Amino acid sequence: MAKPRTKGSILPESILDAATRLFIERGLDGTSMYDIATELGVTRTAVYYYFKNKEAMLAALTDNVTRVAGKMAAELTQYQDLGPVEALRNLVTQHARLILTHALQFRVVERNEHNLSPKRRDNARASRRAVLTSFAEIIQRGVDSGDFRVVDPKVAAFAIIGMCNWTAWWYDPSGARSQDEIIAMLADLAVSSVRQDGAKRPRAAGVSESLRLLRKELAYLERRIEDEPT
């Protein structure tokens, strides 16, 4: 029987990968620190050297996925030189890539947020709000510029984020489509779902059509004014 390895022979990332696989198979409650050590072929001391318990592992996984997603999304919105179409495409691309490259970790985090400490749980929710805010701000920018249709930016953001997040459950690396192909398709779908389709607008709109469009824009502006704080 091979002698268990010690802490110097493994990395924290290896422990998190093993823990993730077991959490998916057995659940957080059904997995022990001994199980994780056995999965890796190391001593429990080696695991405890990096993580004092399973909750610490879950916190690390949450940081690797949820916190990083919020940070990346917030950073992209700072690039004001990008047009809304390109900005949304880039935002979807980076978010979808993060989910697809951390699919199992994302599933563990989504299922076990209630096991985090109150502070960690609040931080995770703040990161998710940051992602939502970033998507909504870019969509609103596109609506204001006329590049996107008049849509509720928050609802559209929820829909697009959900589309990206769901890949963690259905994407199969051994399937016919590569990660890059899936990401490109998601970015196209996201942009198409909100982009203004000029081809559907009359080239020379009549009076009635012009009035209809004007009323639509006025109704939108009225809603914006009503939503503004007084």
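No lab work stands behind these numbers, since they all come straight from the coordinates. Remember, predicted model here, so these are calculated numbers, not experimental data. Don't worry about glycine lacking a Cβ; one is built from the backbone with ideal geometry, like all the others, and counts go over all protein chains shown.
Within 10 Å of each residue's Cβ, count the other Cβ atoms and sort 194, 108 from fewest upward.
194, 108
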Original post:
What is the gain in length, in nm to one decimal, between residue 197 and residue 154 on full extension, counting 0.36 nm per residue of separation less the C-alpha to C-alpha distance?
Top reply: 13.4 nm
Subject >> Debye intensity ratio I(q)/I(0), log10, the range 1-154, q values 0.17 Å⁻¹ (C-alpha model) >> reply: -0.94
